[in-house]
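Have a look at the structure below before the remarks.
Please treat every number below as a calculation from the coordinates, not as lab data. This structure is a prediction, so every number in the text was calculated from the model and none was measured. Using ideal geometry, Cβ is built from the backbone for each residue, glycine included, and neighbour counts are taken over all protein chains shown.
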Amino acid sequence: MFKPTTKFQILFWLSALNLIFLGYALPNVLHAAGHGLLALGFGLWARRVWRDSRGGLEEARPEAPGSDNEERFADLGDEVSELRRQLSETQERLDFAERLLMKERQTRQ
């Protein structure tokens, strides 16, 4: 549909705009969380499009024995750990937002 460079630019700017709008949406925590998740999603998608357009698919192929596969495996483990940390942070923020909403509903009643 789009050339990879055009797709990357679109995704990059969608991510950047969602980061900007996140600041404006801060009074409403759930709205801000939505913008944060969209920014993260578009950013990761843009990164994948960038990597794939630069020959990242060739790098993903298995290499000959004796290569640095152990190092790459360790790097993947580090990335997974970072993603788990970010997911945990996001879940904590969502729990906090839900508690605030429940408090507000209880005070209205």
How much length is gained if the chain between residue 92 and residue 76 is pulled fully straight, taking 0.36 nm per residue apart and subtracting their Cα-Cα distance, in nm to one decimal?
3.3 nm
For the stretch 70-109 the translational diffusion coefficient, Stokes-Einstein from a Kirkwood Rh over Cα pairs at 25 °C and viscosity 0.890 mPa s, in µm²/s, is roughly 200
With runs of 4+ DSSP H residues as the only contributors, calculate the mean residue ellipticity of the chain at 222 nm using -39,500 (n - 2.57) per run, divided by the residue total and rounded to the nearest 500.
-29000 deg cm²/dmol
Compute the angle between helix 4-24 and the longest alpha-carbon principal axis of the chain, please, reported from 0 to 90 degrees and rounded to the nearest 10.
30
The equivalent-ellipsoid semi-axes of the chain, taken as the square roots of five times the Cα gyration tensor eigenvalues and listed largest first in whole Å, are 37, 21, 8
Based on the Cβ-Cβ distance from residue 52 to residue 85, what FRET efficiency comes out when R0 is 30 Å, to the nearest 0.05?
0.70
What do you get for the angle between helix 29-53 and the principal long axis of the chain? Use alpha-carbon atoms, 0 to 90 degrees, nearest ten.
10
